[in-house]
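The values are calculated or read from the model by the stated rules, or taken from the named source; none is laboratory data. The structure displayed is predicted, hence computed values, not measured ones. Cβ: placed from backbone, ideal geometry, glycine included. Neighbour counts: every protein chain shown.
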Amino acid sequence: MRSHQNPLPVLMLTALGQPENRITGLDAGADDYLVKPFIMEELLARLRALQRRSPQFQPHTLTIGQYSLDDANNALCVNVTQPPQTIPLTVKEFQIFAYLMKHPDRIISGSKIRNQLWDLDAEPMSNVVAAQMRLIRRKFASYNCICPIETIRGQGYRFNSNLVLS
């Protein structure tokens, strides 16, 4: 990767934990090195640290119409009034919004959302996506905002980029 000038951060995850193995891995271009077995929290912390050290992978804001999704704060900013309304989102709500905003105006099935955002071990007939959508809509209602996610009966969900807010 490094010989091809690929700037993607590299975390080596390996069972080879001897000092000479770590030195070889880091000298080969890895940004970090983690030896198995490891705890998931440490892996996630190391990934966050890699992201912080890589400016091209810093959180950013995704904006479509009057909606701005802020990675750094797990929040959705709705630009209807001045000042704009900020709606805090849970991690899963944020993931759903980000996924749908990256595919605006496309109908995406609940099963595809579930496959993209939940563990593979999740129960195949689970209504977890529908339940999250209900929670998202309640949250929007509590902030007196219109939710841009539409349910297309029998097909899935769509982020409506043409939604005009009053």
message = Checking the structure you have, find out if any residue of the stretch 18-25 is surrounded by 10 or more Cβ atoms within 10 Å (Cβ to Cβ), out of contact with any Pro (no Cβ under 8 Å at 6 or more places or on another chain) and in a loop (DSSP other than H, G, I, E, B).
response = no
Residue check, Thr81 at pLDDT 85 or above, farther than 30 Å from Pro7 by Cβ and of a type in the set (Ser, Thr, Tyr) = no
ask   = Quick one: what pairs do we get from the stretch 89-100, first residue among the aromatic types (Phe, Trp, Tyr), second in a loop (DSSP other than H, G, I, E, B), C-beta under 6 Å, 6+ apart or different chains?
value = Phe94/Asn74
task = Among what's in the stretch 1-17 and is part of a loop (DSSP other than H, G, I, E, B) and among the aliphatic types (A, V, I, L, M), pick the residue that is surrounded by the most Cβ atoms within 10 Å (Cβ to Cβ).
result = Val10
task = Would you please name the residue that is surrounded by the most Cβ atoms within 10 Å (Cβ to Cβ), looking only at residues in the stretch 148-166 that are of a type outside the set (Ser, Thr, Tyr) and at pLDDT below 90?
result = Leu163
inquiry  = Looking at Ile107, Ile23, Ile96, can you tell me which residue is over 23 Å from the mean Cα position of the chain (by Cα) and of a type in the set (A, V, I, L, M, F, W, C)?
reply    = Ile23
message = One residue is enough: does the stretch 33-56 have a residue meeting the conditions within 30 Å of Leu100 (Cβ to Cβ), part of a strand (DSSP E or B) and without any contact (Cβ under 8 Å) to a residue 60 or more places away in the chain?
response = no
key: Enumeration of residues in the stretch 5-20 that are free of Cβ contacts under 8 Å to residues at least 12 places away in the same chain and of a type in the set (S, T, N, Q)   = Gln5, Asn6, Gln18
